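The values are calculated or read from the model by the stated rules, or taken from the named source; none is laboratory data. Keep in mind the model is a prediction, meaning the values are calculated, not measured. Glycine gets a Cβ as well: all are built from the backbone with ideal geometry, and neighbour counts include every protein chain shown. All accessible areas refer to the heavy atoms of the entire protein, side chains included, with ligands and DNA or RNA removed. Shrake-Rupley method; radii C 1.70, N 1.55, O 1.52, S 1.80 Å.
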Amino acid sequence: MMADWLTVTRGTAPLLVSIPHTGIDLAGLENRLVSRWLGRRDCDWWIDNLYDFAAGLGATVVHTAISRTVIDVNRDPTGASLYPGQATTGLCPTETFDGDPLYREGEEPGPSEVDERREKYFVPYHAALQVEIDRLRGLHGKIVLYDCHSIRSVLPRLFEGTLPVFNLGTNDGKSADAGLQAMVGQIMAETGETSVVNGRFKGGWITRHFGQPQNGVHALQMELSNRGYMREPEGKGAPDNWPVPYDVAFAAPMAATLKKILETAIDWAGR
């Protein structure tokens, strides 16, 4: 199951952290794409750096180095939209969040290639999550699966206006206990930053598929606006200004809040 692009850092706390969208490995597609930069623009930049404290809390961390341009491991594997009627990107995206074509004309993946990518990258990532869920459930009565994400603050094709800094998703309360959701919501509100629970982003496939409170698995998706931890430029960004380098000092307030959220999740699950 293991591969050089898939990293699992094991802990024993009742917390599993999923990092599915920080990969920049384009898996040999470079010559088929409009540009490497465009193929990486929608990466969840620096989220792995932002949560680098998680393993130190005893959390288990699962991370893929494969770019979401190759395959998005947080989409329905059948290709069905998780947000019917709203703009989104697919299992193997052919366009960016802004609607820009990712592939040169005629170079888009066909159904058989999509199937190959699913088997090569999607299946192992989800199998790794399931293995760790089963292992941690063997140690604890209940666990929290925390799925880490970020996105640009302004994306007219995906949402109106400016996205809140903190966006917590629990599939409208179906993937996690209401008490846990409320505690995390309170931490977000106490920062003084904008926040919402089950707003535009309610949780992707990882949250919806694995979040089974009745079986002791409580899944949260945290979608952060980039401006909360980066000096985010206006607009789409360009090769000369996106991504901006990771600045530990600038990101420190956000990292402190996220650490409090993960510590709260561990404490809640351990009760």
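Of (i) 36, 20, 15; (ii) 28, 22, 17; (iii) 35, 22, 18, which one was derived for semi-axes √(5λ) of the Cα gyration tensor in Å from the structure shown?
Given (i) 36, 20, 15; (ii) 28, 22, 17; (iii) 35, 22, 18, the structure-derived one carries the label (ii).
Could you give the accessible area per residue of the chain, probe 1.4 Å, as a whole number in Å²?
42
To the nearest 20 debye, what charge dipole does the chain have about its Cα centre, counting +1 at the Cβ of each Lys and Arg and -1 at the Cβ of each Asp and Glu?
The calculated dipole for the chain is roughly 580 debye.
Looking at the range 6-270 only, what percent of DSSP beta bridges run antiparallel? Nearest 5 please.
35
Okay, helix-only estimate at 222 nm for the chain: each DSSP H run of n ≥ 4 adds -39500 (n - 2.57), divide by all residues, round to 500 deg cm²/dmol; what do you get?
Only helices count here, giving -8000 deg cm²/dmol.
What number comes out for the charge environment of Met230, summing +1 per Lys or Arg and -1 per Asp or Glu over other residues with Cβ under 13 Å away?
Computed value for this residue: -1.
Taking square-rooted eigenvalues a ≥ b ≥ c of the alpha carbon gyration tensor, is the range 196-271 rounded, prolate or oblate, where a/c under 1.5 means rounded and, failing that, a/b exceeding b/c means prolate?
Cα axes put the range 196-271 in the oblate bin.
Going by Cα centres, the range 137-186 and the range 1-73 are how many Å apart?
When both Cα centres are located, 18 Å separates them.
For Arg231, Arg208, Arg68, what's the largest-to-smallest order of accessible area, 1.4 Å probe?
Arg231, Arg208, Arg68
Go through Lys142/Lys202; Lys236/Lys260; Lys202/Lys260; Lys120/Lys142; Lys142/Lys260; Lys120/Lys174 and tell me which ones have a Cα-Cα distance over 25 Å in this structure.
Over 25 Å Cα-Cα: Lys236/Lys260; Lys120/Lys142; Lys120/Lys174.
Taking all protein chains in place and a 1.4 Å probe, what share, in percent, of the accessible surface of the range 6-270 do carbon and sulfur account for?
Using a 1.4 Å probe with all protein chains present, the range 6-270 comes out at 51 percent carbon and sulfur.
Return a whole-number percent for the relative contact order of the range 6-270, with Cα pairs under 8 Å and 6 or more residues apart as the contact set.
Over the range 6-270, the number comes to 23 percent.
Mind checking the angle between helix 178-190 and the chain's longest principal axis? C-alpha axes, 0 to 90 degrees, to the nearest 10.
Tilt relative to the chain: about 70 degrees.
Could the peptides 117-130, 50-63 be put in order, highest first, of the mean number of other beta-carbon atoms found within 10 Å of their residues?
Result, highest mean Cβ count within 10 Å first: 50-63, 117-130.
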